[in-house]
Amino acid sequence: MNYKELLEFNDYAMDLTTRTAHHSTAIENNPLSLAETISILTTEYIPREMPQRAFFEVKNYQNMLFFLLENLNKGQSVDSFFIRELHGILMNFLLPNKGVFKTTDNTILGAGFEMTPHFQVPMAMKEWCDNLNYKMKTLQDKEEKLKAILEQHILFERIHPFSDGNW
């Protein structure tokens with residue numbers, strides 16, 4: 001059973017997917033309400049006129065989650081190519097350079113840190129992936145694995161490898 005099929009039978013998994021899609025895109029100023037996100041992702045009904053970007057942000061997020069979980073379930077290791085594939089799905093119809101590491105430096109207004117310079121991103125992402133894979137193979141405790149994933153997410157945000165869509 002793939003992840004899409006699981007969602008048809010598991011209300012909790014579908015609820016988690018829609019809430020994650022909503023909250024992750026809302027952080028990036030997506031104007032859709034949770035109810036509108038649920039409508040789009042569970043019934044494929046668009047409840048009102050909305051910017052195309054708002055629709056594609058939540059739909060792409062759902063598609064990226066499907067791809068991510070199905071591939072991890074098959075034993076896919078996390079590498080730079082896989083990260084770029086995820087970004088390509090996430091930014092489909094939204095960004096012309098989807099799935100491509102940034103070629104100029106970027107900043108986050110109000111952030112108290114500097115992002116990795118663009119020319120260092122490929123090596124930084126290789127190290128990030130190697131570190132994540134090592135931790136997932138060596139850590140046995142689920143709480144320790146979760147903590148490692150959360151720490152890696154913070155590091156990912158600091159690298160900020162893409163021009164946009166660094167969710």
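The values are calculated or read from the model by the stated rules, or taken from the named source; none is laboratory data. Here the structure is a predicted model, which means the values were calculated and not measured. With ideal geometry, Cβ positions are generated from the backbone for all residues, glycine too; neighbour counts draw on all protein chains shown.
Listed by first and then second residue, the pairs with beta-carbon distance under 6 Å, at least 6 apart or on different chains, first residue in the stretch 139-163 and within 26 Å of residue 94 (Cβ to Cβ), second of a type in the set (Gly, Ala, Ser) and surrounded by 13 or more Cβ atoms within 10 Å (Cβ to Cβ), are 159/124. Of all residues in the stretch 155-167 being over 13 Å from the mean Cα position of the chain (by Cα), of a type outside the set (D, E, K, R) and part of a helix (DSSP H, G or I), which is nearest to residue 103 (Cα to Cα)? The qualifying residue nearest to residue 103 (Cα to Cα) is 159. One residue stands out among those in the stretch 8-21 that are of a type in the set (A, V, I, L, M, F, W, C) and over 11 Å from residue 62 (Cα atoms): the one that is modelled with the highest pLDDT, which is 13.
Scanning the stretch 87-122 for residues that are without any contact (Cβ under 8 Å) to a residue 24 or more places away in the chain and closer than 21 Å to residue 150 by Cα, which turns out surrounded by the fewest Cβ atoms within 10 Å (Cβ to Cβ)?
Looking at residues that are without any contact (Cβ under 8 Å) to a residue 24 or more places away in the chain and closer than 21 Å to residue 150 by Cα, I get 112.
The set of residues in the stretch 84-129 being polar (S, T, N, Q) and at pLDDT below 95 consists of 106, 107. The sole residue among 47, 51 that is touching a Ser or Thr at 6+ places or on another chain (Cβ under 7 Å), over 26 Å from residue 124 (Cα atoms) and not assigned by TED's automatic domain parsing to the domain that holds residue 165 is 47. Within this structure, residue 157 passes the test of being surrounded by 13 or more Cβ atoms within 10 Å (Cβ to Cβ), within 23 Å of residue 19 (Cβ to Cβ) and modelled with pLDDT under 95. Screening residue 81 on (1) surrounded by 15 or more Cβ atoms within 10 Å (Cβ to Cβ); (2) part of a helix (DSSP H, G or I); (3) at pLDDT 95 or above shows it passes everything except condition (1).
With the structure loaded, tell me whether residue 94 is touching a helix residue (DSSP H, G or I) at 6+ places or on another chain (Cβ under 6 Å), in the same structural domain as residue 44 (by TED's automatic domain parsing) and among the hydrophobic types (A, V, I, L, M, F, W, C) or whether it fails that test. For residue 94, the condition - touching a helix residue (DSSP H, G or I) at 6+ places or on another chain (Cβ under 6 Å), in the same structural domain as residue 44 (by TED's automatic domain parsing) and among the hydrophobic types (A, V, I, L, M, F, W, C) - is not met.
If you go through the stretch 9-27 and keep only what is of a type outside the set (Val, Ile, Thr), part of a helix (DSSP H, G or I) and either out of contact with any Asp or Glu (no Cβ under 9 Å at 6 or more places or on another chain) or in contact (Cβ under 8 Å) with a residue 60 or more places away in the chain (or both), you end up with 9, 11, 12, 13, 15, 16, 19, 23, 24, 26. Taking the stretch 45-82 as the search range and keeping residues that are charged (D, E, K, R) and in contact (Cβ under 8 Å) with a residue 24 or more places away in the chain, which one is nearest to residue 131 (Cα to Cα)? Ranking the qualifying residues of the stretch 45-82, first place goes to 79. Can you tell me which residue among 30, 60 is buried (at least 18 other Cβ atoms within 10 Å of the Cβ), in a loop (DSSP other than H, G, I, E, B) and among the polar types (S, T, N, Q)? Sole residue among the options that is buried (at least 18 other Cβ atoms within 10 Å of the Cβ), in a loop (DSSP other than H, G, I, E, B) and among the polar types (S, T, N, Q): 30. Regarding the stretch 129-144, can at least one residue be identified that is outside any loop (DSSP other than H, G, I, E, B), surrounded by 18 or more Cβ atoms within 10 Å (Cβ to Cβ), touching a helix residue (DSSP H, G or I) at 6+ places or on another chain (Cβ under 8 Å) and of a type outside the set (Lys, Arg)? There is at least one residue in the stretch 129-144 that is outside any loop (DSSP other than H, G, I, E, B), surrounded by 18 or more Cβ atoms within 10 Å (Cβ to Cβ), touching a helix residue (DSSP H, G or I) at 6+ places or on another chain (Cβ under 8 Å) and of a type outside the set (Lys, Arg).
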